[in-house]
Structures are given as C-alpha cells and as structure tokens.
Amino acid sequence: MLKINICGIDFKNPVFLAAGIMGETGGALKRIANSGAGALCTKSVGIEKRIGHRNPTMIEVEGGFLNAMGLPNPGVKEYIKEIYEIKDYLKRNGVKLIGSIYGKNPQEFSKVAEIMEPYVDLIELNISCPHAGEGYGAQIGQDPNLSNRVVSSVRESVDIPIIAKLTPNVADIKEIAKAVVEGGADAITAINTLGPGMVIDIKTKKPILSNKFGGMSGKAIKPIAIRNIYDIYSVVDVPIIGVGGITTGEDAIEFMLAGASAIQVGTGIYYRGYDIFYKICGEIEEYLIENNLKLKDIIGRAHEF
Ligand code: SIN
C-alpha cells in the first residue's frame, strides 16, 4: 500500500532517514534499516576528512534543536567502507541508500559524486547547510546560478538520480527550485535547517554553541517546510522529498498534501525512538484506509483548493 516509485526507483515505503542523523557508520544505518525506513540518507560527506565544529554542537530548544556540527566526516574514500559493508544487507531488505554529499564548487561535488556513485542508489546534494562555512552549503543554495552549476556538473558526472537539498533561508525558494531542475536535478529535498539561530546562556553570558549559530530542526519548523514544499510543487515537475519537523503520520500526510512524494525523518527519532519509521508508516496506512485513498491520491492534493 505504501510502495512508491521516485525517479524510476522503487521504494517499499515513502518514509526515509534524513541526512545527518544516524548516518555516520554502517552499523547505525543498519539499525535504521531495521526500523522500517524505506530509504536511508547518509551523513553528508566531502572529498577530504573534516573534523567539524568543537562541542557543544547541538542544543535542545523549544520546538526542536539547534545544531552546528560543521559537516564532520572522514572523507568520501574512507566513508564508502562503511556503506560497502551494508550494501548487500540493504539490497536483501529492499532499503535504498541515498548518498548525501557536499563540496565547495561544482568540480568538487562531481568528484565526490563519482566516488560515491557505485555504492548508492541516488545522490543528494547538500547545497543547504546554513553553518558550513565560507563557500559551502547554503552559500551555494542561496545563489540560483551557482546551484544550477553544481547540479549540472554532477549531472554530467554520474548516471544515477540526483536530488538537490534546498535551504529555506532564501527570499524565493521557487527561483532556486527552477534553477536546480534546469541544471538536471531529478528530485528535490526540502527543507534543510532554518536560520541559523542562536541560544545564549544567561549565566555565562556566552552563546552556547561553539559555532555561536546553528540550524533549527524539529516540530517548530514544520509550517515553514510545508509552505516551501507547496511553493516548490507549484513551479517544478520533479518529485519532492519533504523534511522538517515530521514526527507523526499526520505530519507526513500534510507534507504529501503540499506536494511531497516521500518524506524524511531526522529530529523525530529523538521524540519517538528508532521505530518512528514503522510508526509513521502505520499511521499513513491507517489514514489511507479510513479515507479510502491511495498514496498517489494525496500527493499535491492541497493545490486543488
Ligand atoms: C552539519 O553537519 O553541520 C549539518 C549538516 C547540514 O545542516 O546540512
């Protein structure tokens, strides 16, 4: 009942793991695969090892979390050892793997994508991290021309589907969505974290995160994510993967009504445990049965009004 085809790939369900959560090791990814996810998105990896920001890198706030991890990762050549280990296991269990990658220019994105391609089913381009530093992440995704060049460079370098992950921290997400689709993106993931925001400890009088600022995730950003999905769906004709504050099947359905074909869960794991993937799938199924609907009937349905 929840099977879905996106970019020519069959997924057993539309509830995926978001980049950056439980994606650092093969073992952690396997645990999420065993928790009912239809696909797993890896931690974002780059060409070289990166230590990331000093701790504290994450803080709970009302309605979610602020994080500024700083894209810590061992570099793509080391990281693929993690996914090599679980590749057959994922295949046997029908769980797809999305390789999240970042770079500082189109050439670097392409190099990482080429190395990652044999180990994953799709590539997600992180052009949206709001605190990754000069030249990275949202600094690319806020510029339609640069976003277009990154996508078209990767498009020329790999044959598997490419997803562009967009930042909500722009004046008009429609313009960026059109630019990445023109560049050759087969799908769009939206949204990455909001902000960045800041929390100050009133005792020490210092910002809590070592990076001072961090991207906001969690329930509080859901209405912003829904609006962005709605806007993107209205201007492009590629599948959208919705992310941002999803913790229940009801949340997932709201994203689908706005135009998402699938959704990703990140912070939600903290609130409902690893088996949130099974729980959300069950809740979506219940809604479809009660309302006598199929999954395809609800995607983009809110645009009819
Ligand atoms: C991080 O590693 O800092 C988070 C990545 C992201 O927000 O895209």
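Key figures
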read-out: Meets criteria (more than 13 Å from the ligand (Cβ to nearest atom) and within 30 Å of residue 207 (Cα to Cα)) for residue 49; value: yes
read-out: Selected residue (only one of 168, 161 is under 14 Å from residue 188 (Cα atoms), in contact with a helix residue (DSSP H, G or I) (Cβ under 7 Å, 6 or more places away or on another chain) and not acidic (Asp, Glu)); value: 168
read-out: Residue that is nearest to residue 188 (Cα to Cα), among those in the stretch 129-150 that are within 14 Å of the ligand (Cβ to nearest atom), part of a helix (DSSP H, G or I) and out of contact with any Leu (no Cβ under 7 Å at 6 or more places or on another chain); value: 138
read-out: Checking residue 113 against (1) within 16 Å of the ligand (Cβ to nearest atom); (2) within 21 Å of residue 48 (Cβ to Cβ), the condition it does not meet; value: (1)
read-out: Close pairs (7 angstrom Cβ cut-off, 6 or more residues apart or separate chains): within 19 Å of residue 102 (Cβ to Cβ) in the stretch 22-48, of a type in the set (Phe, Trp, Tyr) and in a loop (DSSP other than H, G, I, E, B) anywhere; value: 44/102; 46/102
read-out: Unmet criterion (only one of (1) farther than 18 Å from residue 277 by Cβ; (2) buried (at least 21 other Cβ atoms within 10 Å of the Cβ); (3) among the aliphatic types (A, V, I, L, M); (4) more than 16 Å from the chain's Cα centre (by Cα)) for residue 86; value: (1)
read-out: Options 108, 62, 48, 78: the member that is surrounded by fewer than 14 Cβ atoms within 10 Å (Cβ to Cβ) and under 20 Å from residue 140 (Cα atoms); value: 48
read-out: So residue 29, is it within 20 Å of the chain's Cα centre (by Cα) and within 11 Å of the ligand (Cβ to nearest atom); value: no
read-out: Filtered residues of the stretch 66-84 (kept if away from the ligand (no atom under 15 Å from the Cβ), hydrophobic (A, V, I, L, M, F, W, C) and touching a Leu at 6+ places or on another chain (Cβ under 8 Å)); value: 83
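Every number here is computed from the coordinates shown, using simple stated rules; none is lab data. Not measured: the values here are computed from a predicted model. Heads up, the Cβs are rebuilt from the backbone with ideal geometry, glycines too, and the neighbour counts pull from every protein chain shown.
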